[in-house]
Amino acid sequence: MRAPEDAAEIRSALLGLRRSTGLPVAFGGLLPGSGGAGGGGRLRIAELTGASTGVLRGLEIRSGNGLGGRTMALARPCAVADYPVARTISHEYDAAVAAEGLRSVVAVPVVVRRAVRGVLYGALRQPLALGDRVLDAAVAAARDVEQALAVRDEARALLAAAAGAPPGAAPGAWETVREAHGALRALAPRIADEALRGELLAVCGLLASAARPGGGPGRPGPELTAREKDVLSCVAGGATNAAAAQRLGLRPETVKSYLRSAMRKLGAHTRLEAVTAARRAGVLP
């Protein structure tokens, strides 16, 4: 497991899987690092819900071994109606599965950018075939984790890129910083984890202040709302109202309203004047 927030995503997905399917047991985990389909990775079961014992916790699953390992190797969902006698899987983990009393099990991969990053399991203690409804719900739970990991990966990459532009950089480098600033502001509202979202917004503030000579405070300006800053950041990158709306998940009319409010506060009559004033006030890099 790479981070506490990643563990929280897995835990939430497993609870949702049990609620949507009625399966009594769900468990799973993420591969360390980036993982990879068929790449010989190893996964440890880190999260369990509904289990009557702790025997599965910490169990190391190797790619290709057992049901989860088969799912990792093939990068697709796999299921067995009766685990102990299933002929489509190997049986390295039979003792742990038997100790928990599991019989019918489904495993679905968590795949981000074509790399397997983890596996979610759902299980019954009876040997029954799991229908399409259960499989669809398991896949949907995995998709929720995939989206959260992809957004977090993008945030981490942007933070790393933003940290690489020192004060005094060439104008071309500042354009890259401004692009990173805009991307971070657009991404922040989509981050569920408050700590990471706060880190992104703090970096946005650092980028804005670093663009000024000496990195000192800018000319005092009006207090802009977070959404007004988001819209100005998009506008500074050349986005139209429609493009900004798509990027921020808003309606074009809403973007126009935020932009009009920001322009009024900044005393600007055009979009360019608004961006210039926002930079002077230290709102934008």
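The values are calculated or read from the model by the stated rules, or taken from the named source; none is laboratory data. Only a predicted model underlies this, so the values are computations on that prediction, with no experimental measurement involved. Quick reminder, even Gly has a Cβ in these numbers, built from the backbone with ideal geometry, and neighbours come from all protein chains shown.
Tabulated data for the structure shown
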| quantity | calculated |
| --- | --- |
| Subset of region 85-111 that is among the charged types (D, E, K, R) and in a loop (DSSP other than H, G, I, E, B) - its residue that is surrounded by the fewest Cβ atoms within 10 Å (Cβ to Cβ) | Arg87 |
| Residues of region 259-280 satisfying the condition of being in contact (Cβ under 8 Å) with a residue 12 or more places away in the chain, under 13 Å from Glu223 (Cα atoms) and buried (at least 19 other Cβ atoms within 10 Å of the Cβ) | Ala262, Leu266, Ala277, Ala278 |
| Lone unmet requirement of (1) modelled with pLDDT under 75; (2) within 26 Å of Ala7 (Cα to Cα); (3) in contact with a Leu (Cβ under 6 Å, 6 or more places away or on another chain) for Ala161 | (3) |
| Per-region count, region 235-258, residues in contact with a Lys or Arg (Cβ under 6 Å, 6 or more places away or on another chain), in contact (Cβ under 8 Å) with a residue 24 or more places away in the chain and not aromatic (Phe, Trp, Tyr) | 1 |
| Yes/no for Ala123 being assigned to a strand (DSSP E or B) and over 17 Å from Arg62 (Cβ atoms) | yes |
| Residues satisfying the stated conditions in region 128-144, i.e. in contact (Cβ under 8 Å) with a residue 12 or more places away in the chain and either exposed (fewer than 14 other Cβ atoms within 10 Å of the Cβ) or assigned to a helix (DSSP H, G or I) (or both) | Leu128, Ala129, Arg133, Val134, Leu135, Ala137, Ala138, Val139, Ala140, Ala141, Ala142, Asp144 |
| Top-ranked residue in region 57-84 [being in contact with a helix residue (DSSP H, G or I) (Cβ under 6 Å, 6 or more places away or on another chain) and more than 22 Å from Gly131 (Cα to Cα); ranked as surrounded by the most Cβ atoms within 10 Å (Cβ to Cβ)] | Ile61 |
| Scope region 75-105; condition in contact (Cβ under 8 Å) with a residue 24 or more places away in the chain and among the polar types (S, T, N, Q); matching residues | Ser90, Ser104 |
| Residues that are closer than 14 Å to Thr71 by Cα and hydroxyl-bearing (Ser, Thr, Tyr), drawn from region 86-131 | Thr88, Ser90, Tyr121 |
| Matching option when the condition is assigned by TED's automatic domain parsing to the domain that holds Ala142 and not in a loop (DSSP other than H, G, I, E, B), among Leu56, Leu48 | Leu48 |
